[in-house]
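As structure tokens, the structure follows; a few thoughts come after it.
The values are calculated or read from the model by the stated rules, or taken from the named source; none is laboratory data. Worth saying up front: this structure is predicted, and the values here are computed from it rather than measured. Here Cβ is always computed from backbone atoms with ideal geometry, including for glycine, and neighbour counts include all displayed protein chains.
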Amino acid sequence: MTSILVLNGPNLNLLGTRQPDVYGHDTLDDVEQMCRDHGKAHGVTVDCLQSNYEGELVTWIHEARGTYDGIILNAGAYTHTSVALADAVKGTEAKMVELHISNVHAREAFRRHSYLSAVAIGVMAGFGVRGYTLAIDALLGHLEDAA
């Protein structure tokens, strides 16, 4: 059975209360349940983890190797700062989709740079929390095409 790991970075534990005008009113629990339900509907196992700590995210990417077929990564602010996360994805050769709830290209200039894009199979941005299910579909399509 195909399995996907959804990783959420810093401050995403505050979904639903942090800047709802930008990130919406759904909580992280809502998003995780939506991902698991979407996966189940497609015969896919989806596990979800969140951390505010860069090193923990790096460790989870390392541990995903050989366990998960792909990763959906919403690295939050680490997208724009973390060479370590990019190196972890590259080093493990993970099939990863970079995800942003907001359209980062329509926001502050610093958000337009991503260390992760170069190691991602694709980038999903600006579709709100629905981007998670879209990213799962995109990842599944990529895995199917590769098989």
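Every test in (1) polar (S, T, N, Q); (2) under 14 Å from T133 (Cα atoms); (3) in contact with a strand residue (DSSP E or B) (Cβ under 6 Å, 6 or more places away or on another chain) is passed by Q33 save one, and that test is (3).
Of all residues in segment 102-134, those that are buried (at least 19 other Cβ atoms within 10 Å of the Cβ), modelled with pLDDT of 95 or more and either closer than 17 Å to I61 by Cα or out of contact with any strand residue (DSSP E or B) (no Cβ under 6 Å at 6 or more places or on another chain) (or both) total 6.
The set of residues in segment 52-79 being under 17 Å from I101 (Cβ atoms) and hydroxyl-bearing (S, T, Y) consists of Y78, T79. Hey, any hits in segment 114-137 for a residue that's outside any helix (DSSP H, G or I) and of a type in the set (D, E, K, R)? No.
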